[in-house]
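Undergrad: Take a look at this one; I'll ask things after.
The values are calculated or read from the model by the stated rules, or taken from the named source; none is laboratory data. Given the structure is predicted, the values throughout are model-derived calculations rather than measurements. No Cβ is skipped: glycine too gets one built from the backbone with ideal geometry, and neighbour counts run over all protein chains shown.
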Amino acid sequence: MPGIATLTTDFGTDGPYVAAMKGVLLGLAPGTQVVDVCHTISPQNIVEGAFVLAGIVDAFPAGTVHLVVIDPGVGTDRRLIAARAADQWFVLPDNGLISGVTRLHEPEQIWEIKNPAVRRAVVSNTFHGRDILAPAAAHLLLGREPSELGPPVSKLVRLRNLDPTRDAGGFQAEVIFRDTFGNLITNVGASLLADCPPDGWVVEVAGRRIEGLSRTYGDQPSGSLIALVGSSGWVEVAVVDGDAGRLLTAGPGTSVWIRNSKSPAPPHAALARG
C-alpha cells in the first residue's frame, strides 16, 4: 500500500494547481497519505524552497516521497529528477531545490525522469508538476523500480547562496527565509559557530547591531531585537513578541554579518545597537 507523499510548491492556495497534482497522485497511487508542507513559497524562489525541504527531511519516516514544484524553468531543457537521500525520495526539478537536504544527506541514488511511459498521456509545457513529476512520485510510492524513470544521474545543481562566505572574523551571510512570525533566518548553521561562545558573536543586519546570541525568544524583554539559533538549526534574527522583517524592512537576500566580537570591525557603516 502506498505510504506518505509530501507536497511543496509556490502555487499559493488559490486556483486549481495544487488540487490537480493531488488528483493525479491519488488517481495513480490510491491510499497515499498526502501531507501539504507549504504552498506559499515566494513565486520562483528556489532558495526558500530549499530551506523548507531542509527543515522537514529529518521529521519524516523512511520511504516518504517528497514532491516539490518550484520550477521557473518549466518547459525548458532543465532536468527533472528523483533523488534518494536520508532513506526518502525527492521528486523535483534539478535547479538547486535539493541543496538544503544535501548539505547533511548526500544522495544515495539519482535518476532523471525521462521515460514517456511514466507521465500523463498529454503533457503541458507549463505544468510538468502535474503531468510528469506527480506520476513519477506515484511510481515510487507504488514501490516500482526507480530505474524505470530514466537514466542515472551523477551530479546535481547546487545553490551557492545556502553557504555563507567565511573570513578571519566570521561570516558574510544573507537572509534566506522570512517566516510567518517575521523572523529572518540566515544561511549560517549552528555548527559553524562552535569556535566561539554564544555571547562572543555580534550580528549585524540592516544597520542594526546585536551583541551575543540569545538562547530562547523569552530571554530578552518584549520588543527586543535578538539573534539566536532557531529550531531549524540556522541563526535567525527576531523581535521578541514582534516582527523583525517589518522592523528592519528586511527579507530574503538581505545581507547579514555574523562576527566574533574580538575581530576587527567590518568595513561598512557604523551600526545602531539592537
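Undergrad: For residue 158, work out the one condition from (1) under 20 Å from residue 245 (Cβ atoms); (2) under 16 Å from the mean Cα position of the chain (by Cα) it doesn't fulfil.
TA: (1)
Undergrad: Turning to a different aspect of this structure: Has segment 35-58 got at least one residue that is farther than 23 Å from residue 252 by Cβ, surrounded by fewer than 19 Cβ atoms within 10 Å (Cβ to Cβ), in contact with a strand residue (DSSP E or B) (Cβ under 6 Å, 6 or more places away or on another chain) and touching a residue at least 12 places away in the same chain (Cβ under 8 Å)?
TA: yes
Undergrad: Filter segment 233-244 down to the residues that are within 26 Å of residue 195 (Cβ to Cβ), of a type outside the set (D, E, K, R) and assigned to a strand (DSSP E or B), then identify the one that is modelled with the lowest pLDDT.
TA: Per the criteria, the residue is 234.
Undergrad: Let me ask something else about it. Return yes or no: is residue 75 over 22 Å from residue 141 (Cα atoms), surrounded by 19 or more Cβ atoms within 10 Å (Cβ to Cβ) and in contact (Cβ under 8 Å) with a residue 24 or more places away in the chain?
TA: Considered against the rule, which asks whether it is over 22 Å from residue 141 (Cα atoms), surrounded by 19 or more Cβ atoms within 10 Å (Cβ to Cβ) and in contact (Cβ under 8 Å) with a residue 24 or more places away in the chain, residue 75 comes out as no.
The rows are residues; the columns are (1) under 18 Å from residue 85 (Cα atoms); (2) touching a residue at least 24 places away in the same chain (Cβ under 8 Å); (3) out of contact with any Cys (no Cβ under 8 Å at 6 or more places or on another chain).
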residue: 121; (1), (2), (3): no, no, yes
residue: 128; (1), (2), (3): no, yes, yes
residue: 136; (1), (2), (3): yes, yes, yes
residue: 147; (1), (2), (3): yes, yes, yes
residue: 157; (1), (2), (3): yes, yes, yes
residue: 164; (1), (2), (3): no, yes, yes
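Undergrad: List every residue pair whose Cβ atoms sit under 6 Å apart, with the two residues 6 or more apart in sequence or on different chains, where the first one lies in segment 89-112 and is at negative phi and the second, anywhere, is of a type in the set (S, T, N, Q).
TA: Once the first residue is at negative phi and sits in segment 89-112, no partner that is of a type in the set (S, T, N, Q) comes close enough.
Undergrad: Further, regarding this structure: Mind telling me which of the residues 166, 144 ends up being of a type in the set (D, E, K, R) and at pLDDT below 95?
TA: 166
Undergrad: Mind listing just one residue for me: the one in segment 132-177 that is acidic (Asp, Glu) and more than 22 Å from residue 248 (Cβ to Cβ) and, of those, surrounded by the fewest Cβ atoms within 10 Å (Cβ to Cβ)?
TA: Step by step, filter segment 132-177, then rank; the result is 145.
Undergrad: Also: If I ask for residues that are surrounded by 17 or more Cβ atoms within 10 Å (Cβ to Cβ), assigned to a loop (DSSP other than H, G, I, E, B) and touching a Leu at 6+ places or on another chain (Cβ under 9 Å), which ones from segment 184-232 would you list?
TA: 206, 213
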